[in-house]
Amino acid sequence: MKLLNFTIIKLTICLILGIIIGYFTSIPLHAIIISTALLLLVLLIFYLIARKQFIKSISFGILAFFVMTSVGILTTYFHNQENFSNHYTHIISTESDSLKTIKFRIREVLKPGNYYDKYVINLLEIDSKNTSGKTLLNIQKDTLHAPLIVDNAYASRIEFRDLTHPLNPHQFDYKNYLKKKYIYHQLFTKNESLLAIESNTMTIFGVADYIRKHINKKLKGYDFKPDELTIINALLLGQRQDISEEVYTSYTNAGAIHILAVSGLHVGVILLILSFIFKPLERFKHGKLIKTILLVSILWSFALIAGLSASVTRAVTMFSIVAIALNLKRPTNIYNTLAISMFIILLFKPLFIFDVGFQLSYLAVFAIVAIDPFLYGLWRPKNKVLNFYWHTFTVTISAQFGIIPVSLCYFHQFPGLFFISNLIIIPFLGVILGLGVLVILLAVLNILPQFGADIYGYIISLMNSFVAWVSKQEAFLLKDISFSLLYVIVSYVFIVTFIRLLFKRNYSNLKLLLIAILIVQGVLIYNEFSKPSNEFIVFHKSRYSLLGNTFNNKIVVASDFDSIVKSKNKIINNYVVGNDINIIEERAISSFYMLNRKHLLVIDSLGIYNIKTLKPEFVLLRQSPKINLNRLIDSLKPKQIIADGSNYKSYIERWEHICRKRKIPFHQTSKKGAYIIDY
């Protein structure tokens, strides 16, 4: 089946292209509006001409694609509140006072960190000026105060801080991640600094949070274990904030993390249950219409309670279209349904296109729809049980074809036993979800018997134990796989051409596959030549020193880490995976490094630098040496002074002041990130 024969798929691709252009460029609003209006006008003229002549016009189609691309750019612009005059960034950028008196409303509760409870807030006022926009609120953990509640409003005097950019190569870019959620700053405060203010506003997010809290309050009365309760919240309420690191890692390593994300499987089961319950309505006049309205309303209510994540929004949108089509007896095509759901979601949430959950959801479903019929057709067991497990296996394999490249790019690991997790859990997931819905309903109505809760808790515990066992088979877990965006692109080129050849074995498809193989080989060769060579890195690590010297596909690492810090440190691992380096060696930190024709002097807490013959271009200060920096500059005449994360803040500030006065470049890793010397 040729996907591009479907008009809605072409239009969706153009919309995505427009969103990407709109996000990465800064086109003025008036230019976007004028161009879109002109394109629409010309499109209307072309449509009227083509309709009268009863002919298909290629120019009309091309123009329609340009219009949709322009709509994508416009959609991206209008969904970014930063582009409007009342956004908080325009207020804080024009005023010199760093402390602001703000009023805000809690929008979302995030997973807490080690030291702070985290929230997404909507700003209402800054210094008595009405404003809009979201930001990140960090509140110091305090067991004496209860967590803040969604929709509650507060006032505080606080300082806006920039989000931290990655300080080391190939580190996760949390700043960029939040930017795609329209969050540009963060706030730090304590509970004592917050003043609760009266607010009668009740948003849909507040209603959903209240419902979730009410359900959890009822469930806690049945003595569920903490891990059981968090899994119930993830499976049925879409909330994964409270899942322990151990349990989350187990599901990830076992290739079963998708089970904890409310997605198409979960929504499909709920739709089947609801369709069965509401089937008697079809006997009445307009019964199918009423049934459809009820189904769609309940599905979206569930999506709201589940937090409107990318995966659940995708699933509910898709199944809403399916429910409408089925109950109104309209013919459906799964490719059209997927494209329509993606099109609608991106019109309302354009930056979902960058969300990993959104990407994996659609890639998995497209792959299942395209590949599973072929794999399932290879063998049709007559035994129903065997046939069921065979189909589950083919669906799982098909989904992996769709998500492996993107998954490797984001997570750099591949769970080799993913099919075992899915073969055991997925056949029973419908039962687990159905029982879960029943357990929640009975608990809310206060009629859930304790033995029912115990049985359901045991089932969840059994699933957790099985996943934990699979995740411990580390020999089958492939970790630290280097996989760049370029690899992702060529992987999909290869997968698509390979699948085409399987479906239709002819010379043309074979030629395309061979071309794809040549492209893959070319990218592999390019990757070998683009690896960093002769590169010295002063990494940033708070309270410690970490140096790396890269050459000949090898990195020599030197640090003053203790065993605990070394076991938890991911800085070198991120660098190695990101650059596809094969060999790691460890050595002690040296006091002097000869980097071809460049020289680096390392001065530690002893403050010794008695060098007369060589004049180092670079001086690294570590462990807060008590030195006279003016005297060092006069003596060594360095071209660059570097201070890593092991130094006291007061020392760094003094050194920076001296270097500014002496007009010597000064690099502070805690602000500017790792310092890289190419030699």
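The values are calculated or read from the model by the stated rules, or taken from the named source; none is laboratory data. Everything numeric here is computed off the predicted structure, so don't read it as measured data. Cβ: placed from backbone, ideal geometry, glycine included. Neighbour counts: every protein chain shown. With ligands, DNA and RNA removed, areas are computed over all heavy atoms of the protein, side chains included. Shrake-Rupley method; radii C 1.70, N 1.55, O 1.52, S 1.80 Å.
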Enumeration of residues in the range 336-363 that are aromatic (Phe, Trp, Tyr) and within 15 Å of the chain's Cα centre (by Cα): 352, 354, 358, 362
Candidates 582, 573 - the one that is touching a residue at least 40 places away in the same chain (Cβ under 8 Å), within 29 Å of the chain's Cα centre (by Cα) and over 22 Å from residue 623 (Cα atoms): 573
From 183, 204, grab the single residue that is of a type in the set (A, V, I, L, M, F, W, C), open to solvent by 60 Å² or more (accessible area, probe 1.4 Å) and closer than 16 Å to residue 120 by Cα. 204
Could you grab the pairs with beta carbons closer than 8 Å, sequence gap of 6+ or different chains, first residue in the range 521-532 and under 14 Å from residue 581 (Cα atoms), second one exposed (fewer than 15 other Cβ atoms within 10 Å of the Cβ) and of a type outside the set (Lys, Arg)? 527/486; 531/553
Taking the range 191-201 and keeping residues within 17 Å of residue 153 (Cβ to Cβ), open to solvent by 70 Å² or more (accessible area, probe 1.4 Å) and free of Cβ contacts under 8 Å to residues at least 40 places away in the same chain leaves 200
Hey, which of the helices (runs of 4 or more DSSP H) in the range 136-237, taking only ones fully inside, have at least 3 residues that are touching a Gly at 6+ places or on another chain (Cβ under 9 Å)? 204-219, 226-237
Could you please find all residues in the range 408-434 being within 30 Å of residue 494 (Cα to Cα) and either of a type in the set (Val, Ile, Thr) or open to solvent by less than 30 Å² (accessible area, probe 1.4 Å) (or both)? 408, 415, 416, 417, 418, 420, 421, 422, 426
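Listed here are the residues, each with its yes/no results for (1) over 27 Å from residue 596 (Cβ atoms); (2) out of contact with any Leu (no Cβ under 8 Å at 6 or more places or on another chain).
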{"site": "631", "(1), (2)": "yes, yes"}
{"site": "637", "(1), (2)": "no, yes"}
{"site": "642", "(1), (2)": "no, no"}
{"site": "648", "(1), (2)": "yes, yes"}
{"site": "652", "(1), (2)": "yes, yes"}
{"site": "669", "(1), (2)": "no, no"}
Those residues of the range 535-546 which are assigned to a loop (DSSP other than H, G, I, E, B) and of a type in the set (Gly, Ala, Ser), in sequence order: 542
Which ones in the range 449-473 are open to solvent by 80 Å² or more (accessible area, probe 1.4 Å), under 17 Å from residue 418 (Cβ atoms) and in a helix (DSSP H, G or I)? 469
Out of the range 597-653, which residues are closer than 21 Å to residue 559 by Cα, among the small types (Gly, Ala, Ser) and free of Cβ contacts under 8 Å to residues at least 60 places away in the same chain? 605, 607, 624, 643
Among the residues in the range 435-448, are any within 21 Å of residue 470 (Cα to Cα) and surrounded by 14 or more Cβ atoms within 10 Å (Cβ to Cβ)? no
Enumeration of residues in the range 131-151 that are at negative phi and either open to solvent by 50 Å² or more (accessible area, probe 1.4 Å) or among the acidic types (Asp, Glu) (or both): 140, 141, 142, 143, 144, 145, 146, 147, 149
Hey, can you tell me all the residues within the range 361-385 that are open to solvent by less than 40 Å² (accessible area, probe 1.4 Å), of a type outside the set (Gly, Ala, Ser) and under 30 Å from residue 179 (Cβ atoms)? 362, 365
Tell me whether the range 644-660 contains one or more residues that are of a type in the set (Ser, Thr, Tyr) and closer than 15 Å to residue 539 by Cβ. yes
In the range 328-378, how many are closer than 15 Å to residue 312 by Cβ and of a type in the set (A, V, I, L, M)? 7
Checking residue 168 against (1) at pLDDT 90 or above; (2) open to solvent by 30 Å² or more (accessible area, probe 1.4 Å); (3) over 30 Å from residue 78 (Cβ atoms), only one condition comes out false. Which one? (2)
Could you tell me whether any residue of the range 264-284 is hydroxyl-bearing (Ser, Thr, Tyr), in a helix (DSSP H, G or I) and open to solvent by 70 Å² or more (accessible area, probe 1.4 Å)? no
Which numbered condition residue 128 fails, given (1) in contact with a Lys or Arg (Cβ under 8 Å, 6 or more places away or on another chain); (2) loosely packed, with under 13 Cβ neighbours inside 10 Å; (3) under 21 Å from residue 197 (Cβ atoms); (4) modelled with pLDDT under 90: (1)
Condition set assigned to a loop (DSSP other than H, G, I, E, B) and hydroxyl-bearing (Ser, Thr, Tyr), scope the range 479-534, selection surrounded by the fewest Cβ atoms within 10 Å (Cβ to Cβ): answer is 533
Give the residue that is farthest from the chain's Cα centre (by Cα), with candidates limited to residues of the range 31-49 that are over 17 Å from residue 65 (Cβ atoms) and open to solvent by 80 Å² or more (accessible area, probe 1.4 Å). 49
Determine the pairs where a residue that is at pLDDT 90 or above and basic (Lys, Arg), located within the range 71-85, has a partner that is assigned to a loop (DSSP other than H, G, I, E, B) and open to solvent by 40 Å² or more (accessible area, probe 1.4 Å) with Cβ atoms under 6 Å apart, the partner being 6 or more residues away or on another chain. none
Given the conditions (1) within 22 Å of residue 306 (Cβ to Cβ); (2) among the basic types (Lys, Arg); (3) touching a residue at least 60 places away in the same chain (Cβ under 8 Å), every one holds for residue 225 apart from (1)
